[in-house]
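Working notes, beginning with the structure itself.
Any read-out appearing in this document is the output of simple, stated calculations on the displayed coordinates, not a laboratory observation. From a predicted model like this one, the values you see are computed outputs, not experimental measurements. For neighbour counting, all protein chains shown are included, and Cβ atoms are generated from backbone atoms with ideal geometry for every residue, glycine included.
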Amino acid sequence: MQNEKKIIEFLNRPGATSGSELGAELGVSRMAIQKRIQALVEHGLPVSAVRGVGYVLEDDVNLLEVDVITQNLGSAVRPLVGEIEVQQSIESTNSHLLSKPIELGKATVCLAETQSKGRGRRGNDWQSAPYRNIMLSVSWGFDHWPATITGLGLAVGLVVAEYLNLQYSAGVTIKWPNDLLVGNDKLGGILVDVAGESSGSCNVVIGLGLNVHQSNWSAESGYDWQDLAGLGVSVNRNTLAADLISVISAMLSQFSKDGFSVLTERWNALSSYADKKIRIIGPESDIVGVMRGVDETGALLIEVNGSIERIDDSSRSVRLVDL
């Protein structure tokens, strides 16, 4: 990994870098450099080879680094954060943390430069350009199951949206139950997994995918993407990752004591579809009505023919109804 880091640092310099230069710097042959760059390209690093000139990194890339992330954690949350690891390539950061032992009252963190089996809600794939975005999972050990897993997912979306709006004036709203939107475009998504005995302690793993510099894959995904770069936000991913870990860990510590109810009003203030006509899809039939926020457990409230119905199944999808 150290050699890959040095290669990217060289490629990050203005202009092209020759294989001979890289080989001399690292003390290896030009052929060895070619193989290492090819491996990075296969993992998604946007490198072009210009014949007779050298290698060119198509866009500025800063690698995620554990030491830099740790140094940038908020001082108040450092005692709450345990192990942080960065994987160059992994199947799923959530799945990786689910296999780890439960550590009560402590955050364990895994980030990845690229995922081969990244997951979204309802078994969908999570698509993210390698080396460009945030693929982050945080596990937290609870001594008993939270009263509301739906509310926990909503709480994560809330603190992430509030942070992005405060720090970058990003204009982020929250779509129940797990999407971060700017306008009608998707900036990020959240996936919550739980492992443990229902009558005892449990390990909750929160996955966050956030578009920092994302290729436009809207046609393949069925909805429109947005990224921070498209909003005019230039950010170092290590600083961003540290801040996200900080706000999520602080929220988890508070959530273990107070639950979601103390966050209800703040969530409703950032609701994407507040007082708008929505459709809640399946499994057997759809419900159409007006979004009236969420209750103290995180259940969605929808007004149908003058009556309020409560939807707590977070596997259901919500769509805006065109008027």
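Derived scalar couplings between HN and Hα for the range 129-139 equal 5, x, 6, 10, 10, 10, 10, 9, 10, 10, 9 Hz in order, rounded to whole Hz, by the Karplus curve 6.51 cos²θ - 1.76 cosθ + 1.60 (θ = phi - 60°), x for Gly and Pro. Checking [x] 1.01; [y] 0.96; [z] 1.06 against the coordinates, the calculated Rg/Rh (Cα atoms, Kirkwood Rh) falls under label [x]. When Lys and Arg each count +1 and Asp and Glu each count -1, what net charge do the other residues less than 14 Å away from ASP312, Cβ to Cβ, add up to? Summing Lys and Arg as +1 and Asp and Glu as -1 gives -2. Residue order for ASP295, ASP67, ASP322, fewest other beta carbons within 10 angstrom first, comes to ASP322, ASP67, ASP295. FRET efficiency for the ASP312 to LYS100 pair, using the beta carbon distance and R₀ = 45 Å, is estimated at 0.95. At an R0 of 56 angstrom, the distance between the Cβ atoms of LYS6 and GLU303 translates into a FRET efficiency of 0.45. Other residues whose C-beta falls under 11 angstrom from the C-beta of ASN236 contribute a net charge of -2, scoring Lys and Arg +1 and Asp and Glu -1. Counted by neighbouring Cβ atoms within 10 Å, the residues CYS110, CYS202 run from fewest to most as CYS202, CYS110.
Taking a ≥ b ≥ c as the square roots of the Cα gyration tensor eigenvalues, with a/c under 1.5 meaning rounded and otherwise prolate when a/b beats b/c, else oblate, which class fits the range 273-320? The shape class here is rounded.
Averaging the sequence gap over all C-alpha pairs within less than 8 Å and six or more residues apart, then dividing by the number of residues, gives the range 66-267 a relative contact order of 25 percent. Taking every DSSP beta bridge that has both ends in the range 4-127, the antiparallel portion is near 45%. Cβ crowding within 10 Å ranks ARG266, ARG292, ARG132 as ARG266, ARG292, ARG132, fewest other Cβ atoms first.
Here the label points at TYR168 and ALA24, each 7 Å from Cα along the C-beta direction, are separated by 3.9 nm in the simple model.
Membrane-span-like helices in the chain (whole DSSP H runs, Cα extent of at least 24 Å along the helix axis, mean Kyte-Doolittle hydropathy of at least 0.0): 149-168, 237-258.
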